[in-house]
Each structure stands twice: as C-alpha cells, then as structure tokens.
Amino acid sequence: MSTQLDNDPTLTHDDNSFQNNLPHYYRSTLKRFRRISLSFVNFNLLFAAIFSIELALFLVFLPFLNRSAVLAFALGGLFLTCFSYFVLLFYYQAKKPQQLSELKETFLQSCRQLLPSPPGTAQHHLSIAEAFSKLSHYLQDFEWNFYKIPPFLQFLSPPISRFSAFCYWEDVFKIKHLLLTTSIDEHIKQIRATPTDLEVHASLANTYVALANLYRDPLRSPSHPRAGRSRKLQPIFDEKSKAYSRLAIEEFKILSQYAPNDPWVHEQLASGYHNLGLPEEEVREMEFLLKLRPQDKETLFRLGILYFQEGLNAKGLQIYEELKQANYKKAEDLISSYGLVAE
C-alpha cells in the first residue's frame with residue numbers, strides 16, 4: 001500500500017515511452033478540437049454574411065422591385081437562406097457533441113495503446129486519468145486564443161480575444177468537463193484494482209476539485225464576454241460545484257484516515273470546506289493544520305482571517321498580537337479584517 005502523498009496532480013508512473021509520446025497526442029487532440037469548434041463558428045459567420053448581403057441588396061433594390069413576382073422571388077431567397085441555416089444549425093448542434101465524444105475516445109485509445117500494462121493492472125488507469133487531467137489543464141483560457149494574431153495587428157488583440165472567448169467558451173467548457181469526468185472514471189477503475197493506494201485517492205480528490213473549480217469560476221468575472229449567461233447558469237453551476245466539492249472532501253477524508261498527520265490533506269480539506277461554505281469545518285481543519293505546523297505564520301494568518309470573518313474576534317486579536325510580536329509583514333492586513341463578519 002502506498003502511503004506517500006503528493007500535492008502535484010500530474011504524477012508520473014509509467015515508462016518513458018508513454019510520457020514521451022503523450023505531448024504528440026496532446027497537440028493532435030487540441031488541433032482536432034480547434035477544428036471542430038472553428039467549423040461551427042465559421043458556419044454561423046458564413047450564413048450571417050450571406051444573409052446580411054442578401055438583406056442589404058434587398059433594401060438597396062427595394063424601390064426597383066415594383067413587380068410582385070420579382071419581389072416575391074427576393075423575399076423567397078431571404079426565407080430560403082434562413083430555412084437552410086436553421087436546418088443545418090440543428091444538424092451541427094446534434095453532431096458536435098458526438099464529435100467531442102469521438103475525440104475523447106480517440107485520445108483514450110491512444111493512451112491505452114501507449115501503455116505497456118493491460119487494463120486492471122496497477123497504475124494503468126491512473127496513468128490514463130492523469131493524462132486526461134493534464135490535457136484539461138492545457139485548455140485553461142483556451143477560448144481566448146483561438147485566433148493567431150500577426151505582429152502587425154497586435155493592436156486588435158483585445159477585441160479579437162473577446163470575440164474568441166464569446167464564441168468558444170461553451171465548447172472549451174464542455175470538452176474540459178468531458179475530459180475530467182473521463183479522468184474520474186479511470187480513477188474509479190484504478191481504485192477497484194488497488195483500493196488502498198493513497199496516490200490514487202489523492203489524484204481523484206484533485207480531479208474532483210478541478211471539476212468543482214470548473215463549475216465555480218467560468219463566468220464569475222464581469223469582464224467575461226459571456227458574463228450575461230451567468231445569471232441563468234450560476235445557480236446550476238453552484239450546485240454542481242458543491243456536489244463535486246463534497247466528493248473531493250470524501251476522498252480527502254479517506255486520506256486523512258490513512259495519513260492523519262499529513263498537512264497537505266488538511267489544507268485540501270480546509271479548501272474544500274471553504275468551497276462548500278462550511279466555515280466551522282474550515283476553522284477546525286485550519287486549527288488542526290496549525291498544530292501540525294505551529295511555526296507557519298501564513299497558516300496562522302489565514303486562521304486569524306477566518307476568526308474575524310466568523311465573529312471570533314477575541315481569537316483573531318490573539319493571533320494578531322502573536323503575528324505583530326513576530327514582525328510578520330501581514331499583521332496589519334489581518335487587523336483590517338476586524339469587524340468584517342462574513343454574511
């Protein structure tokens with residue numbers, strides 16, 4: 001049974017050929033994903049351009065369309081364009097999830113072919129799970145950079161990046177969710193093969209945290225070009241985020257049972273409770289973490305912030321005095337939180 005915990009989610013357990021060949025498949029998968037997303041956006045832009053040209057020509061020549069037959073033909077062309085667009089739109093909308101699923105399956109099969117060990121053996125599924133998690137990590141902020149801007153057009157970079165994020169955010173979100181859920185499936189298969197391997201549980205917990213973060217953060221920023229959707233989607237996202245945070249906490253509890261004095265485990269538990277909005281449990285974990293690392297001033301500072309937020313001002317002031325006597329640079333930042341009780 002493994003007992004070593006590592007806070008790096010991108011562990012490596014396989015032979016060099018697997019690790020050395022993965023970057024090629026990462027690049028190939030990202031290129032295919034870019035093509036799938038670009039084709040859908042280009043389809044919409046093409047029909048928008050066609051309809052705009054037809055509408056402009058119709059308005060320009062409207063005074064000359066004095067014959068009813070010609071006018072009917074012109075209007076028919078507009079309606080035919082709209083009808084064709086919606087028919088093809090439904091087709092592309094139904095096709096794209098299938099394309100993303102096939103893309104995921106292709107990457108999964110590539111990973112399995114690279115691995116020398118068969119499914120069900122030690123580290124096989126964990127290696128695949130980590131590859132999927134790493135590919136998802138490479139997609140961070142991917143939607144902002146779909147278009148390569150030449151140096152002489154760098155002044156157009158901000159609006160083009162915003163247009164890119166507006167068009168491709170949903171696709172990036174969906175593929176990241178697909179990759180992370182596949183990673184979770186592979187983790188669970190590995191746990192069934194090696195139930196007490198703590199590295200597997202630690203990696204699974206990190207994947208749950210990544211999924212919780214995916215649902216918690218996507219449209220929070222008011223500057224995001226798709227921020228308007230947050231008002232509709234955020235309640236659903238919040239529930240998903242809390243559900244995955246709870247699953248992460250259950251995994252960290254398993255780790256805590258096997259490694260009760262590992263500081264990293266209690267850091268992750270505190271973070272999970274924070275994401276779930278459970279301040280009492282978060283305070284308890286931070287207090288235990290401080291027992292494990294009594295000289296860690298950063299942990300003491302974070303605990304003091306929590307005390308003030310929860311109205312435990314006496315404990316917060318005690319920590320402030322301790323940090324001030326130690327000449328800790330953030331002591332004044334701590335006292336500025338006095339009275340700021342979290343609602």
Item to check | Neighbourhood charge, 11 Å Cβ-Cβ cut-off, centred on R112 and excluding it, Lys, Arg +1 and Asp, Glu -1 | outcome: -2
Item to check | Set of aspartates and glutamates near K324 by C-alpha distance (under 19 Å), chain-local residues within fewer than 8 positions excluded | outcome: D296, E298, E332, D333
Item to check | From the C-alpha gyration tensor of the chain, square roots of 5λ in Å | outcome: 49, 30, 17
Checklist outcome for this item: Once E310 and A48 are pulled to full extension, the length gained, defined as 0.36 nm per residue separation minus their Cα-Cα distance, is 89.0 nm
Next on the checklist: If a paramagnetic tag sat 7 Å from the Cα of R162 along the Cα-Cβ line, which residues of the range 42-57 would have the backbone N under 18 Å from that point?
Outcome noted: none
Item to check | Estimated distance in nm for a label pair at S17 and Q325, the labels positioned 7 Å out from Cα along Cα-to-Cβ | outcome: 6.3
Next on the checklist: Give me a comma-separated list of calculated 3J(HN,Hα) values for the range 270-278, in order, Karplus coefficients 6.51, -1.76, 1.60 applied at θ = phi - 60°, integers in Hz, x for any Gly or Pro.
Outcome noted: 4, 5, x, 5, 5, 5, 7, x, 10
Item to check | Label-zone membership for the range 69-100, site R32, 7 angstrom Cα→C-beta point, backbone N under 18 Å | outcome: 95-100
Checklist outcome for this item: Dividing the mean separation of Cα pairs under 8 Å (6+ apart) by the residue count of the range 283-343 yields a relative contact order in percent of 33
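Could you give the Stokes-Einstein D for the range 283-343 in µm² per second, using the C-alpha Kirkwood radius, 20 °C, 1.002 mPa s?
Values: Rh = 11.3 Å.
Once the numbers are plugged in, D ends up at 190 µm²/s.
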Checklist entry - Can you give me the relative contact order of the chain as a percent, contacts being Cα pairs under 8 Å and 6 or more apart? => result 15
Item to check | All lysines inside 21 Å of K240 as judged from Cα atoms, apart from same-chain residues fewer than 8 positions distant | outcome: K174, K176, K232, K253
Next on the checklist: Using the basic label-point model (7 angstrom from Cα toward the beta carbon), what is the Q257 to Q93 distance in nanometres?
Outcome noted: 4.6
Next on the checklist: Can you compute the helix-only [θ] at 222 nm over the chain? Use -39500 (n - 2.57) per DSSP H run of at least 4 residues, normalise by all residues, nearest 500 deg cm²/dmol.
Outcome noted: -26000 deg cm²/dmol
Checklist entry - Quick one: length gained pulling K148 to S101 fully straight, 0.36 nm per residue minus the C-alpha distance? => result 14.3 nm
Checklist outcome for this item: Surrounding charge for Y307, neighbours by C-beta under 13 angstrom, Lys/Arg +1, Asp/Glu -1, total -3
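Read-outs throughout are calculated quantities, based only on the coordinates presented, and are distinct from any laboratory measurement. Model, not experiment: these values are computed from the prediction. We place every Cβ from the backbone using ideal geometry, glycine too, and count neighbours over all the protein chains shown.
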